[in-house]
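The values are calculated or read from the model by the stated rules, or taken from the named source; none is laboratory data. As the structure is a prediction and not an experimental result, all values here were calculated from the model. Positions of Cβ are backbone-derived with ideal geometry, glycine not excepted, and every protein chain shown enters the neighbour counts. Areas reflect the complete protein model, heavy atoms only, side chains present, ligands, DNA and RNA absent. Shrake-Rupley method; radii C 1.70, N 1.55, O 1.52, S 1.80 Å.
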Amino acid sequence: MPVTRGFLGRRRGHEGRLPPGQYDTGAGWPVLTAEATPVVDTASWSLSVDGLVERPTTWSWDEIHQLPASTYVGDIHCVTAWSKFDVTFKGVSVDELLDAAGPLPDAAYVMVHSSTGYTTNLPLSDLVDGKAWVVWEYDGKPLSRQHGGPARLLVPHLYFWKSAKWVSRLELMAHDRPGFWERNGYHDRGDPWLEQRYQGD
Amino acid sequence: MSESIDDVRALETTWTTGRIIEKDHPTPTTVRLRMHVEDRRRHRPGQHYLIRLRAPDDYTAQRSYSIASDEDDPLVEFLIERLPDGEVSEFLADVAEVGDVLEMRGPIGRWFTWDTTTPALCLVGGTGVVPAVAMARAARRLGRSSLLRVVAVGRSPEELAYAEELARAGATLAWTRTDTGERPAGPPTVDELTPLLTGTELAFVCGSARFAAFAEGLLLDCGVQPGAIRVERFGPSG
Ligand SMILES: Cc1cc2nc3c(=O)[nH]c(=O)nc-3n(C[C@H](O)[C@H](O)[C@H](O)COP(=O)(O)OP(=O)(O)OC[C@H]3O[C@@H](n4cnc5c(N)ncnc54)[C@H](O)[C@@H]3O)c2cc1C
């Protein structure tokens with residue numbers, strides 16, 4: 001591909017920490033959403049794990065807070081090319097939720113659903129072993145509505161569209177099925193280090 | 001009936017190149033690029049391209065830019081706001097010249113698009129007018145201008161690109177900082193928007209994160225169902 005005449009590039013540094021094509025957004029945290037930002041109150045909020053599981057389970061806001069809390073400190077990467085370093089989220093590990101629901105042996109993929117109707121698909125292997133969380137705190141404060149509050153999924157090793165805002169349901173499946181952005185041309189897995197942004201990458 | 005968030009299809013795209021054929025500055029803080037794109041694909045109004053800049057050492061920077069042009073335009077048109085210290089927008093505004101070749105990928109996005117048949121309203125602000133311009137141009141070509149209503153919000157007539165074209169097409173223009181005599185300065189109100197929503201099934205909101213939050217709230221106040229609102233946010237954020 002051609003070198004762009006006169007372009008030297010500015011947002012450098014952090015080599016080894018920025019996946020290819022990403023830049024450090026610094027203190028900013030861009031908001032990208034396809035839909036109107038919903039108002040989800042914690043009184044009616046719930047999260048379900050169902051599909052190919054032994055015990056379909058639903059937690060209320062109070063019940064999910066009874067589970068052992070867990071914190072993520074690290075970086076996040078958005079497909080629109082910003083990365084954000086050293087963010088802190090608090091919530092519960094997806095491992096805890098799966099332990100309660102008991103995935104069946106043929107469960108290999110997960111469709112994540114938001115209360116808005118948004119969906120995103122992941123291999124189950126990307127959600128286990130401490131790689132994913134359902135979070136409700138950012139930087140020590142309740143997660144704001146525009147960033148998916150009261151609770152969102154967090155899968156920091158993949159592009160951030162996988163970290164569904166306003167998460168309401170994890171549906172375990174035997175076969176993969178594309179979610180919302182995946183049907184809109186985005187990659188099925190979305191590994192930032194492999195630059196899996198769009199279909200065909 | 002318009003499609004739901006659950007049934008839009010994917011389309012593969014790959015990187016290609018585009019040459020800048022025309023460049024101008026419609027307002028003091030924006031640049032318009034009209035480009036010839038190699039192996040160009042058809043687009044729907046509302047879609048965007050990625051533009052990628054490459055330094056001699058292979059460092060790259062890429063950003064998304066909405067398409068302003070209509071399908072039948074031989075060139076693909078972009079309008080980019082020059083953000084102070086913005087890596088890509090400053091380059092495109094200040095350094096890029098006619099004849100330069102840039103890496104491009106698109107069109108991308110199947111959700112924030114108008115199917116040209118569903119009655120819809122665009123509530124857009126600042127550089128967020130770009131997809132509304134593409135939608136209005138498609139509507140005019142197809143003789144379906146009555147299906148699309150555009151409400152464009154800017155600080156003043158001098159600061160909103162495409163203001164005259166949109167006004168000629170029947171858009172409602174609202175200035176937040178300019179009192180026109182007919183309309184006091186300020187954002188659009190429920191009273192202004194409500195009659196324009198009659199018969200529409202979809203609302204497109206595009207602009208900064210702050211504008212989008214305002215616009216969503218206004219539409220909900222007008223009784224629009226959340227599921228009928230599609231949003232695209234541009235630019236810097238907090
Ligand atoms: C789907 C989509 C469509 C879009 N369409 C358009 C369009 O039609 N027109 C348009 O103008 N824009 C559009 N955008 C926005 C566009 O993609 C870019 O975000 C925008 O041009 C800014 O990019 P930039 O490289 O100039 O600025 P960036 O370098 O990304 O910086 C953005 C701002 O943050 C500040 N900043 C960033 N990093 C740092 C840092 N490390 N330290 C200090 N400050 C920093 C800069 O000062 C700047 O003001 C669209 C975005 C999306 C997602």
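Summary of values
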read-out: Between segment B:76-125 and segment A:14-45, the Cα center-to-center distance that results, in Å; value: 21
read-out: Highest to lowest packing among B:118-127, B:15-24, scored as the average C-beta count within 10 Å; value: B:118-127, B:15-24
read-out: Listed residue (B:Ala167, B:Thr113, A:Leu153) projecting farthest to the positive dipole end of the protein assembly as shown, Cβ model; value: B:Ala167
read-out: Shielding by partners, peptide A:141-151 (average Cβ within 10 angstrom, other chains); value: 1
read-out: For segment B:5-108: span of alpha carbons on each principal axis (Å, largest first); value: 40, 33, 27
read-out: For the protein assembly as shown, radius of gyration divided by Kirkwood radius, i.e. Rg to Rh on alpha-carbons; value: 0.97
read-out: Candidate residues A:Tyr198, A:Tyr109, A:Tyr138: accessible-area rank, largest first, probe 1.4 Å; value: A:Tyr109, A:Tyr138, A:Tyr198
read-out: Max mean-square fluctuation residue, GNM over chain B, Cα-Cα springs under 10 Å, options B:Ala55, B:Ala163, B:Ala93; value: B:Ala55
read-out: Where a label projected 7 Å from the Cα of B:Arg183 along Cα→Cβ would reach, residues of segment B:191-210 with amide N under 15 Å; value: B:191-197
read-out: Kirkwood hydrodynamic radius over Cα pairs of segment B:120-234, then Stokes diffusion coefficient at 25 °C and 0.890 mPa s, in µm²/s; value: 176
read-out: Sequence-separation-based contact order of chain A, relative, with Cα cut under 8 Å and 6+ spacing, percent; value: 23
read-out: Relative pair counts by distance (%), Cα atoms of chain B, 10 Å bins; value: 7, 33, 37, 19, 4, 0
read-out: CD proxy at 222 nm, helix term only [per DSSP H run n ≥ 4: -39500 (n - 2.57); per residue of chain B; nearest 500]; value: -5500 deg cm²/dmol
read-out: Derived scalar couplings ³J(HN,Hα) [segment A:69-75; Karplus, 6.51 cos²θ - 1.76 cosθ + 1.60; whole Hz; x for Gly, Pro]; value: 6, 8, 10, 10, 10, x, 10
read-out: Solvent-accessible surface (1.4 angstrom probe) belonging to A:Ser115, in square angstrom, nearest 10; value: 70
read-out: For segment B:36-74 versus segment B:155-184, the gap between their alpha-carbon centres in whole angstrom; value: 28
read-out: Residue-level accessible surface for A:Ser93, protein heavy atoms, 1.4 Å, Å²; value: 20
read-out: Whole-number percent relative contact order across chain B, with pairs defined as alpha carbons under 8 Å at least 6 apart; value: 19
read-out: For residues of B:108-115, the mean tally of beta carbons on other chains within 10 Å; value: 3
read-out: Estimated distance in nm for a label pair at A:Thr58 and B:Thr176, the labels positioned 7 Å out from Cα along Cα-to-Cβ; value: 4.1
read-out: Chain A: calculated mean residue ellipticity at 222 nm from DSSP helix runs of at least 4, using -39500 (n - 2.57); value: -2000 deg cm²/dmol
read-out: Heavy-atom accessible area ranking, 1.4 Å probe, most first, across B:Glu90, A:Glu96; value: A:Glu96, B:Glu90
read-out: For A:Asp191, solvent-accessible area (1.4 Å; no DNA, RNA or ligand), Å²; value: 30
read-out: Chain A - share of DSSP beta bridges that are antiparallel (%, nearest 5); value: 85
read-out: Contour minus Cα-Cα distance for A:Asp86 and A:His65 (0.36 nm per residue); value: 5.2 nm
read-out: Backbone N within segment A:145-186 under 20 Å of label point (7 Å from A:Trp193 Cα along the Cβ vector); value: A:154-163
read-out: Of B:Tyr49, B:Tyr162, B:Tyr59, the one that fluctuates the most in a GNM where chain B has Cα springs shorter than 10 Å; value: B:Tyr59
read-out: Accessible area, probe 1.4 Å, largest first, for residues B:His43, A:His157, B:His36; value: B:His36, A:His157, B:His43
read-out: Shielding by partners - mean other protein chain Cβ count within 10 Å, residues of A:181-191; value: 4
